[in-house]
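Novice: Handing you a structure now.
The values are calculated or read from the model by the stated rules, or taken from the named source; none is laboratory data. These numbers come from a predicted model, not from an experiment. Every residue, glycine as well, gets a Cβ built from its backbone with ideal geometry; the counts of neighbours run over all protein chains shown. Heads up: the accessible areas ignore ligands, DNA and RNA and are worked out on the full protein's heavy atoms, side chains in. Shrake-Rupley method; radii C 1.70, N 1.55, O 1.52, S 1.80 Å.
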Amino acid sequence: MQPLPTHRASFSIGNEAAAKRVVDVLTEIFLDGDAAVAAFERPDGEWDVTLHFAAAPDQQLLRELLATSAGTEIAATLVFDTIEAKDWVKASLEDLVPVPAGRFVVHGSHDRDRVAPNKLAIEIEAALAFGTGHHGTTRGCLLLLDHVLKHARPTRVLDLGTGTGVLGIAAAKALHRAVLASDIDPPSVRVAAENAALNEVGNHVRVIRATGFAAPDFGRCGPFDLVLANILANPLRQLAGPMTRHLAPGARVILSGLLTHQAPAVIAAYRARGLVPLRHLRIEGWSSLLLRKVG
């Protein structure tokens, strides 16, 4: 039986606060699963909001809801279309090629045989979305990790906000040491643990569910001399204080998930706590930072 097409409604809105407000309203309205709502920040600072429906939505009603929650100007920009029914995972895999980042190569199972034997291969499926290595932030983190490993051999490593686990897996493969990985999202915790096992470092990478640095595991496993955190700019600023308290003297910190224009504010938050910036990579409008704790 041929699957039915997905109906989509999309619009753009000016900033994070407005996007969050509208998404909260729409999510509450479509709480019973009639629609899936998602929002993503663009490199120019605007936010794209998309709703996916299994059945054709009432367009006039949706415009009225959007006009109430975001204003008539935003409602007027609402666009409706349909997405072809197809195996999107298979299609995306066909378009993805192995991604080199220094000594690391991130690839899907379909490209397992295309990785050079002198590279550290990290197998992550495209079906797992963010963290496949094709996003500029993930590649930036891996390039900075490769740079750090040319000058140091960290012994206590943390992958904060691990997602698919790609950064923790990379560190474990390169160092052959224990890595603590954490995420606030239960599915991400499960996926990261599965990927660690798939990449034969399940005995090195321990994945926990935690919000910020609230879990006792951070105290037991620290202080860390290397932290990898590919999250978002606002959480990174908020975590500057707690993270610094879990760092060893001279620790390296790799931060990403921030747009280039957000980098100065993040650098300032960490500089105020005794971390100095060493490198700043810019890839596809995204910034990845390497900092070092002084003293």
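Novice: What list of ³J(HN,Hα) couplings, whole Hz, do you get for the range 240-250 from phi and the Karplus terms 6.51, -1.76, 1.60, once you set θ to phi - 60° and write x for glycine and proline?
Specialist: Once rounded to whole Hz, the list reads 4, x, x, 5, 4, 5, 9, 9, 7, x, x.
Novice: Just check the range 201-263 against the gyration tensor rule for me: Cα atoms, a ≥ b ≥ c as the square roots of the eigenvalues, rounded for a/c under 1.5, and otherwise prolate or oblate depending on whether a/b exceeds b/c.
Specialist: Note, shape of the range 201-263 comes out prolate.
Novice: Would you calculate a helix-derived [θ] at 222 nm for the chain, using -39,500 (n - 2.57) for each DSSP H run of n ≥ 4 and dividing by the full residue count, to the nearest 500?
Specialist: After summing the helix terms and dividing by residue count, I get -10000 deg cm²/dmol.
Novice: In addition: Two decimals, Cα atoms only, Kirkwood Rh: what is Rg/Rh over the range 237-282?
Specialist: Expressed as Rg/Rh, it is 0.93.
Novice: Would you mind listing how long the chain runs along its three principal axes, going by Cα atoms, in whole Å with the largest first?
Specialist: For the chain, the Cα extents along the three principal axes come out at 60, 46, 33 Å.
Novice: In nm², what is the average projected area of the convex hull enclosing the Cα atoms of the range 173-295?
Specialist: Dividing the Cα hull surface by four gives the mean projection, 7.7 nm².
Novice: For Asp146, what accessible area in Å² do you get when you roll a 1.4 Å probe over the heavy atoms of the protein chains, rounding to the nearest 10?
Specialist: Only protein atoms counted, so the area is about 10 Å².
Novice: Calculate how many DSSP beta bridges within the chain are antiparallel, expressed in % of all such bridges and rounded to the nearest 5.
Specialist: Of all bridge pairs located within the chain, approximately 60 percent are antiparallel.
Novice: Follow-up. Taking amide H positions as placed 1.01 Å from N in the peptide plane, with prolines and chain starts having none, which residues 5 or more places from Ile283, or on another chain, fall under 5 Å of its amide H?
Specialist: Here Ser288 satisfy the definition.
Novice: Also: At a temperature of 4 °C and a viscosity of 1.567 mPa s, determine how fast the range 111-237 diffuses translationally according to Stokes-Einstein, using the Kirkwood radius over alpha-carbon pairs as Rh; express D in µm²/s, rounded to the nearest whole number.
Specialist: 89 µm²/s
Novice: Could I ask something else about it? Test of understanding: in a Gaussian network model of the chain with alpha carbons linked when under 10 Å, which of Arg252, Arg220, Arg112 would top the mean-square fluctuation ranking?
Specialist: Its mean-square fluctuation being the largest, the pick is Arg220.
Novice: Considering only Pro186, Pro277, Pro57, give the residue with the highest GNM mean-square fluctuation for the chain, with springs between Cα atoms whenever their separation is below 10 Å.
Specialist: Pro57
Novice: Right, next: For Leu247, which sequence-distant residues (separation of 5 or more, or a different chain) have an amide H within less than 5 Å of its own amide H, given hydrogens modelled in the peptide plane?
Specialist: The list, which skips near neighbours in sequence, is Phe224.
Novice: Pick from Gly250, Gly165, Gly14 the residue whose mean-square fluctuation is largest in a GNM of the chain, springs joining Cα atoms under 10 Å.
Specialist: Most flexible of the set in this elastic network: Gly14.
Novice: Grab the beta carbon distance between Ile29 and Val294, set R0 = 30 Å, and tell me the FRET efficiency rounded to 0.05.
Specialist: The calculated FRET efficiency here is 0.05.
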